[in-house]
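Everything on this sheet refers to the single structure shown next.
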Amino acid sequence: MIELKNVSKKFGKLQVLNNINTRFGEGECIALLGPNGCGKTTMIKSILGMVLPDGGEILFDNAPVKKDWQYRKEIGYMPQIGRYPENMTISHIISMMKDIRKENGEKPDEELVNKFGLNEMMNKKMRTLSGGTTQKVSAALAFMFRPRVLILDEPTAGLDPVSSLKLKEKIIKEKEKGKLILITSHILSELDDLVSKVVYMNEGRFLFEKPLEDLREETGEQKLEHAIAKIMNQQSAQYIKLQKHIA
Amino acid sequence: MKKLLKYVIADIIQNKIVLIYTALLLIISFSVFNLENNASKGIASLLNLVLLIVPLICIIFSTIYIYNSSEFIELLVSQPLKRKTIWLSLFLGLATSLSIAFLAGVGIPVLIYHADPTGVILIISGLFLTIAFVSIAMFAAGLTRDKAKGIGIAIALWLFFAVIFDAIVLFLLFQFQEYPLEDAMVVMSFLNPIDLSRIQILLQMDISALMGYTGAVFREFFGSTLGIALSFTGLLIWIVTPLFLSLKTFRKKDL
C-alpha cells in the first residue's frame, strides 16, 4: 500500500532520512520506534507530503505521491503536537474538515467525538484548550473520515489514562477492519496488544524491521519493552566488540 | 478553492485589524474632504494616503497574517488539498478583504465628494496597489521561516518602493543631467508599482504641467490610452510576479 524506495532527506547538514526502503501493507499495524530525532516524524511527514524528500520515491497504491494530493483522502493523520488556528472553535475546525474531506454521502465517524466528550465543548476556542484536549481533537479528526491508512504520531502522549484506553480500543477496532496503521510511541508497554510489526529507526536508518512474533521468539521475551531492550543491548555489545576489534 | 477561501475570509474578518483599518481610512478620507473647501485639494491629500499608508498596512498585515497562519497551513497541507490551492486561497482571502476595506474606507468618500475620472483612477490605482502589496508580502513571507526577519524584509521592501527608489531616481537624474533621460525615466517608473500609480493619478490631476519637459514626455506616454493600458499592465505584472515566485517557494517548502 505504501512503499518507500531509497528515500533520503537532509536538513542542512543533518541526514535525517538515509536511504530508506520499506513497504507497508494492508491490515498491518506498525510500531515505529527509535530515540528522539531519529527521523520518525520526518518519515511520516514525507509520506504525507509535508516534507519533500531530496531523493528516492514514495508510492501510495503503486503511484508516486509526488505532485499528487488525492491520495491524502485515504490517510488520517494525528500529529505529535496538533497545531490549530487559535481563533477557531472545535466545531469550526470539525465543520471545516468535513467541508474539505467529505466523501459523497458517507456519514463521518464521530465515535471519538462522542467518547471523548468533545460535544460539550464545541464552542471553545482552540487557544483555550489544554494539550490533552487538543490531542483529543486531533484523534477525533484522524478517524473521522474512515481513511484506509491511519498515521498516529505519539497518539497517547498527553492523554489521561481513560482517554488513552478509549483511543486504544478505537485503534484495535480499526485494525480489525483491515486498515494499515502506523504508530510511533515511546510508551512501549501500550503497544503490546496493538502491533503486528516493529520498525526500529536510528539516525535516519532502519536498524531492524520484524514481525512482533519473530521478535518475541528471537529474544524469548513476551513484552515488547523487554524484547527491544534486549536487542539494543546485544547490538551495543556487538558494536563495542567491533570497536575493540578495529582498535 | 471556494471552500477554503470562505474560511480564510471569515478568519481575517474576525481579526479586528481589518475593521480598524477600514474605520481609519474612512475617518481620514472624510476629514480630508471636510477640511478643504476644494474637493480637488482633498484628492491631493488622499494621494499620499493611497500611495504610502495603504501599501504599508497591506504589506505588514499580510506578512504577519501569513506567519500567524503557519498552524493553519500545516493543518491544511496534511489534508487532501493542493498546495497551490492553499496558497492561492490565502492570497485571495487577503486581497479580497483588504480591497473591500479600501473600497469602503477610501472608495465611498471619494465617490461622494469627487466622482470624476481623477477620483476613479485614484480608487483603481489604490486597489491595484493593495493587491500588489499583498502579493509582495507573500513573497517576503516565503523568504524566511523567522517571523521577525520576515516582517523586517516586508518593511524594508515598503521603504524601498516608497522612499529609496525615488532617491535613486533623483540621484541618477542629477548625475546624468546632461543626457536626455526622459524615456529612461518612463522605463524606470515601471520598476516601482507606487510610481506607476502616482504618475497615473498626477496626470489625471492636471498638475503635470509643473513637471517641466519630463512631465510633457510623461503626459505623452502615460496620458494616451495605450499608456494607461500599459501602466495598469505594469501593475498587474507587479501582482502576478511576486505571487508566482512565492508559490514556487511554497511548493518546495518543508512543513
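The values are calculated or read from the model by the stated rules, or taken from the named source; none is laboratory data. Keep in mind that what you see is a predicted model, and the values were worked out from it rather than measured. Cβ placement follows ideal geometry from the backbone for every residue including glycine, while neighbour counts extend to all protein chains displayed.
So, in region A:131-185, of the ones that are in a loop (DSSP other than H, G, I, E, B) and without any contact (Cβ under 8 Å) to a residue 40 or more places away in the chain, which residue ends up farthest from A:Gly82 (Cα to Cα)? Filtering region A:131-185 for residues that are in a loop (DSSP other than H, G, I, E, B) and without any contact (Cβ under 8 Å) to a residue 40 or more places away in the chain, the one farthest from A:Gly82 (Cα to Cα) comes out as A:Lys177.
Which ones in region A:186-225 are part of a loop (DSSP other than H, G, I, E, B), within 22 Å of A:Gln238 (Cα to Cα) and either under 20 Å from the mean Cα position of the chain (by Cα) or of a type outside the set (Asp, Glu) (or both)? Scanning region A:186-225 gives A:Glu203, A:Gly204, A:Gly220.
Okay, residues lined up against (1) among the aliphatic types (A, V, I, L, M); (2) more than 30 Å from A:Gly132 (Cα to Cα); (3) within 15 Å of the chain's Cα centre (by Cα):
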site: A:Lys13; (1), (2), (3): no, yes, no
site: A:Ile20; (1), (2), (3): yes, yes, no
site: A:Phe24; (1), (2), (3): no, no, yes
site: A:Asn36; (1), (2), (3): no, no, yes
site: A:Gly39; (1), (2), (3): no, no, yes
site: A:Met43; (1), (2), (3): yes, no, yes
site: A:Ser46; (1), (2), (3): no, no, yes
site: A:Arg72; (1), (2), (3): no, no, yes
site: A:Gln80; (1), (2), (3): no, no, yes
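Going by the structure shown, is A:Glu106 more than 8 Å from chain B (Cβ to nearest Cβ) and either surrounded by fewer than 15 Cβ atoms within 10 Å (Cβ to Cβ) or within 19 Å of the chain's Cα centre (by Cα) (or both)? The answer is yes for A:Glu106.
Suppose the filter is of a type outside the set (S, T, N, Q) and closer than 20 Å to A:Ser138 by Cα; does A:Glu176 pass it? Against the criterion (of a type outside the set (S, T, N, Q) and closer than 20 Å to A:Ser138 by Cα), A:Glu176 does not qualify.
With respect to (1) more than 18 Å from A:Leu150 (Cβ to Cβ); (2) acidic (Asp, Glu); (3) more than 11 Å from every other protein chain (Cβ to nearest Cβ), the lone exception for A:Asp99 is condition (3). Checked against (1) charged (D, E, K, R); (2) farther than 23 Å from A:Leu167 by Cβ; (3) surrounded by 18 or more Cβ atoms within 10 Å (Cβ to Cβ), A:Arg101 passes all but condition (2). Say whether the condition of being touching a residue at least 24 places away in the same chain (Cβ under 8 Å), within 20 Å of A:Lys98 (Cβ to Cβ) and polar (S, T, N, Q) is met by at least one residue in region B:86-93. Yes, some residue in region B:86-93 is touching a residue at least 24 places away in the same chain (Cβ under 8 Å), within 20 Å of A:Lys98 (Cβ to Cβ) and polar (S, T, N, Q).
This table checks each residue for (1) surrounded by fewer than 17 Cβ atoms within 10 Å (Cβ to Cβ); (2) under 14 Å from the mean Cα position of the chain (by Cα).
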| residue | (1), (2) |
| --- | --- |
| A:Leu129 | no, no |
| A:Gln135 | no, yes |
| A:Val149 | no, yes |
| A:Pro161 | yes, no |
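Evaluation of B:Gly212 against the conditions (1) on the phi < 0 side of the Ramachandran plot; (2) at pLDDT below 90 shows that the sole unmet condition is (1).
In the condition set (1) within 14 Å of chain A (Cβ to nearest Cβ); (2) within 30 Å of B:Ser125 (Cβ to Cβ); (3) not aliphatic (A, V, I, L, M), B:Arg83 is compliant with all but (2). When region A:79-92 is limited to residues that are touching a residue at least 40 places away in the same chain (Cβ under 8 Å), at the interface with chain B (Cβ under 10 Å from one of its Cβ atoms) and surrounded by 16 or more Cβ atoms within 10 Å (Cβ to Cβ), the one that is nearest to A:Arg148 (Cα to Cα) turns out to be A:Pro79. Within region A:55-70, being more than 15 Å from A:Phe24 (Cα to Cα) and among the aromatic types (Phe, Trp, Tyr) holds for one residue alone: A:Trp69. Of everything in region B:88-122 that is farther than 20 Å from B:Ile53 by Cβ and crowded, with 22+ Cβ neighbours inside 10 Å, the residue that is farthest from the other protein chains (Cβ to nearest Cβ) is B:Phe91. For the criterion of being β-branched (Val, Ile, Thr), in contact with a Ser or Thr (Cβ under 9 Å, 6 or more places away or on another chain), more than 14 Å from every other protein chain (Cβ to nearest Cβ) and closer than 30 Å to B:Gln200 by Cα, B:Val32 passes. Residues that are more than 8 Å from chain B (Cβ to nearest Cβ) and in contact with a Pro (Cβ under 6 Å, 6 or more places away or on another chain) within region A:38-74 comprise A:Ser46, A:Glu57, A:Glu74, listed in sequence order.
May I ask you to verify whether B:Leu25 is more than 14 Å from every other protein chain (Cβ to nearest Cβ) and of a type outside the set (Lys, Arg)? For B:Leu25, the condition - more than 14 Å from every other protein chain (Cβ to nearest Cβ) and of a type outside the set (Lys, Arg) - is met.
Residues that are free of Cβ contacts under 8 Å to residues at least 12 places away in the same chain, surrounded by 14 or more Cβ atoms within 10 Å (Cβ to Cβ) and part of a loop (DSSP other than H, G, I, E, B) occur in region B:28-37; there is at least one. The requirement of being at pLDDT below 90, more than 22 Å from B:Phe222 (Cβ to Cβ) and not hydroxyl-bearing (Ser, Thr, Tyr) is not satisfied by B:Phe139.
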